[in-house]
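Here is the structure we will look at, set down as structure tokens.
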Amino acid sequence: MLISVAVPVPFLDLLTYNVPDSVAVPPIGARVRVPVGARTLTGCVVRHDALVEDGTDVKDIGEAVDREPLLPPSIVDLCRWVADYYVAGIGDALAVAMPPGARARASAFRKHRIATLSVMGSEGGRGLTPKQSAALQILSAAPAGLPTSELRERGVTPAVLAGLARRGVVVLHDERDDRDPFERAAMMDVAPDAHRELTEEQQRAADDLFELADAAEFRVALLHGVTGSGKTEIYLRVADRIRRSGRQVLLMVPEIALTPSMAALVRGAFGDRVAIHHSALSAGERHDQWHRIRRGEIDVVVGTRSAVFAPLDRLGLVVVDEEHDGSYKQEETPRYHGRDVAIMRASRERALVVLGSATPSMESYHNAVTGKYTRITLGRRVLDRPLAAVRLVNMRTEYADEGPEVVISRDLAAAIGDRLAHGDQALVLLNRRGYSTAIFCRQCGDTFECPNCTVSLTVHRARSGKGWRARCHYCNYSVLVPTACRKCAAPYLEHAGFGTERIEEHLRERFPEARIGRVDRDSVRRKGALTQILSKFAARELDVLVGTQMIAKGHDFPGVTLVGVISADVGLGLADFRASERTFQLLTQVAGRAGRGERSGEAIVQTLYPEHYSIQLACRQDYPAFFEREVMYRRGMRYPPFFALINGVVRGRTFDDAMQQAREIVRRLEPAAAAGRFIVLGPAPAPLVRLRGEHRVQFLLKGTRRADMRSALLQVVSAMPEIRRRLTIDVDPLSVL
Ligand code: ADP
Ligand code: ZN
């Protein structure tokens, strides 16, 4: 029999092999060893009874690894859909669903830093030292990249890698450092209250969801509940109902390290038959969890986006908490959206989906308005706690009165002082990390730009505490800022703009008695640091927490009665179609962190654009009004949810090279566009025209029939096989920057 096998090679389609008559046919979802070129790889059986044209040379499979399917056939099917919808290779999609260790390459990687070749590197670097060339050689045999620790064992020193990174030949990726949810949950001591009575509004919402759950059909419900309305309690009740009916529950959360209480609550409610699934568990832990799920020992899986592929076989409910959150989208191949895959999965397995948010995505709310989803609303906080009162501070007035150096307005400073005096807690949000956005020479204006990317470097305090380090947030390139200007020898002195580090410093000077912590990607780099800061804050060992959007997400700190927002308009400057939506969400969510305990809360929002609708409406916490306003813009500009987008980025060693390739793709797309009712915009220089040493050119497909757009693109790309390595396709991009 001929079978189709997916192998872990980027962009490769299914391959066909023969199973000799003497060998038992491996089932769909089982692993087999197969010859690919000169190598033998472990692949996954995707289809039986494959067909090939007459005269095609078909090789025999090697040994079968599994007798029983490793992946349930339903998950194999889901991965086929993901590969197809997101224009990725089937092997890439299956890799996400496989347990760690199932394939050689999946095991060791994803630890600390990973080095990969850039496009420049894969075309061979010039003028390299012998050591650098040797490193390049090693890396070119590892398309998925290698951990720097492994490279070091093979004689590639950090200095050699750093040299290659500076030349843009090698890219160093920082791995995310999430932590085990229970590490903090244990300290948090969240006792779920099984006998707590639901409020009237919660009860009504729960009853509506019970009805949907009992139908045991595919349904999507949008649970739109203001911050603090008690959505978690409802998830738990519906989950319990599903579990009692003999079906299983998948509960998706954006970033588990930021919402450890959810994991703890679920564990408290459902005991041992709960698995926590996320990328930061060690490979061994993930392996164990995965196999427990696969063996059917689990009723409830709590996890981040990749949990959507958990091998549950009696799925009855998927909850997507904070469904608007951008971290559900994977920003590397396959570029899937966890929420959307969840909906697709549920539709195949006849499960109920509950999307929960105080600030739903435009897409989901639109579907609720048009009746595609059932809308369930929680308009009030539990126990009639009021939403935080929000006050705007116009920073133009503040500058006029107090001078251009002002960072914290008079109102905000007074409010913080007041909270400190009363022993309450405060959150201060600035969605920009670092100390300043630039440092420059006072005499000649010289400043620091990234040699690999079209961005200026962000200035951080050097780790030694003395002096400054300028760092690229895209490629990690960094330099110590010398004391004298490289060009004119005058001292570098002037800082422009400010980030969280500067706010922290400023608050320490101003309130020396306050205990202040900071949460941003820099401060939580060290293992366990995030857990530590958040639990200290929860235990009220800190008074003020300064941070980026990480502090706005889902936290429930009852001691917080004040939220300050510095530069509410940071995100509005971006020429991105979701800028207003993101700003509205961030402000509403962060304001929602205040006043969740017994004392009511207040938010003070500093902005240069107090009249902007997303700021105005976030202050009123009026989601429906924001939706109405934003929908007009989206419709007028032909953006989602009315039009689908596919973003393509071509990378090249030179700009001209990238442009020429992109032009060719666009030229070939045009006939299909004319026939298929979509339009192609560009090619044009991407907003980040140079990134990690590569030049980038972008084009955008816009239309109402995604399938036409996808198949046209696929056709063009398969006729230009050499382009795949250099082309990134993003279906339903969250951002086109
Ligand atoms: P949301 O996710 O909607 O912002 P949460 O689920 O975090 O809200 O609930 C907010 C707070 O209200 C939590 O501290 C939770 O324990 C509490 N809570 C939820 N439901 C009830 C209830 N029925 N009675 C009392 N407190 C409740
Ligand atoms: Zn850079």
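The values are calculated or read from the model by the stated rules, or taken from the named source; none is laboratory data. Being a predicted model, the structure only gives us computed values, none of them experimental. Every residue, glycine as well, gets a Cβ built from its backbone with ideal geometry; the counts of neighbours run over all protein chains shown.
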*Given the conditions (1) more than 16 Å from ligand 1 (Cβ to nearest atom); (2) charged (D, E, K, R); (3) assigned to a loop (DSSP other than H, G, I, E, B), which single one is not true for Arg540?*
(1)
*asked:* Can you find, within segment 331-370, the residue that is surrounded by the fewest Cβ atoms within 10 Å (Cβ to Cβ) among those that are in contact with a helix residue (DSSP H, G or I) (Cβ under 9 Å, 6 or more places away or on another chain) and hydroxyl-bearing (Ser, Thr, Tyr)?
replied: Thr333
*Pairs under 7 Å by beta carbon, first residue modelled with pLDDT under 95 in segment 224-235, partner near ligand 1 (Cβ under 7 Å from one of its atoms) and hydroxyl-bearing (Ser, Thr, Tyr), six or more apart or different chains?*
Gly230/Thr199
*Do we have any residue at all in segment 29-39 that's in a loop (DSSP other than H, G, I, E, B) and on the phi > 0 side of the Ramachandran plot?*
yes
*From the list Val650, Val666, pick out the single residue that is under 20 Å from Arg710 (Cα atoms), at pLDDT 95 or above and outside any helix (DSSP H, G or I).*
Val650
_Being under 34 Å from the mean Cα position of the chain (by Cα), touching a residue at least 24 places away in the same chain (Cβ under 8 Å) and in a strand (DSSP E or B) is the filter here; which residues of segment 40-67 pass it?_
Leu41, Thr42, Gly43, Cys44, Val45, Val46, Arg47
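Residue by residue, here is whether (1) of a type outside the set (A, V, I, L, M); (2) under 30 Å from Ala88 (Cα atoms); (3) within 24 Å of the chain's Cα centre (by Cα); (4) at pLDDT 95 or above holds:
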position	(1), (2), (3), (4)
Ser347	yes, yes, yes, yes
Met395	no, no, no, no
Gly417	yes, no, no, yes
His422	yes, no, no, no
_Given the options Gly497, Gly528, Gly517, name the one that is closer than 29 Å to Leu281 by Cβ, in contact (Cβ under 8 Å) with a residue 40 or more places away in the chain and surrounded by fewer than 21 Cβ atoms within 10 Å (Cβ to Cβ)._
Gly528
*Test: residue in segment 587-596 that is more than 15 Å from ligand 1 (Cβ to nearest atom) and charged (D, E, K, R)*: no
*Which of the residues that make up segment 1-35 are surrounded by fewer than 18 Cβ atoms within 10 Å (Cβ to Cβ), closer than 25 Å to Ser718 by Cβ and at pLDDT 90 or above?*
Leu2, Thr16, Asn18, Pro35
*asked:* Just to be sure I understand, how many residues within segment 717-733 are outside any strand (DSSP E or B) and within 19 Å of Asp576 (Cβ to Cβ)?
replied: 2
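Yes/no matrix, rows are residues, columns are (1) polar (S, T, N, Q); (2) buried (at least 21 other Cβ atoms within 10 Å of the Cβ); (3) more than 29 Å from Asp732 (Cβ to Cβ):
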{"position": "Gly268", "(1), (2), (3)": "no, no, yes"}
{"position": "Ser282", "(1), (2), (3)": "yes, no, yes"}
{"position": "Ile293", "(1), (2), (3)": "no, yes, no"}
{"position": "Ile298", "(1), (2), (3)": "no, yes, yes"}
{"position": "Lys329", "(1), (2), (3)": "no, no, no"}
_Subset of segment 599-623 that is part of a loop (DSSP other than H, G, I, E, B) and without any contact (Cβ under 8 Å) to a residue 60 or more places away in the chain - its residue that is farthest from Arg380 (Cα to Cα)_ = Tyr609
*Just give me the residues in segment 440-464 being more than 16 Å from ligand 2 (Cβ to nearest atom) and farther than 24 Å from His506 by Cβ, in sequence order.*
Gln443, Cys444, Gly445, Asp446
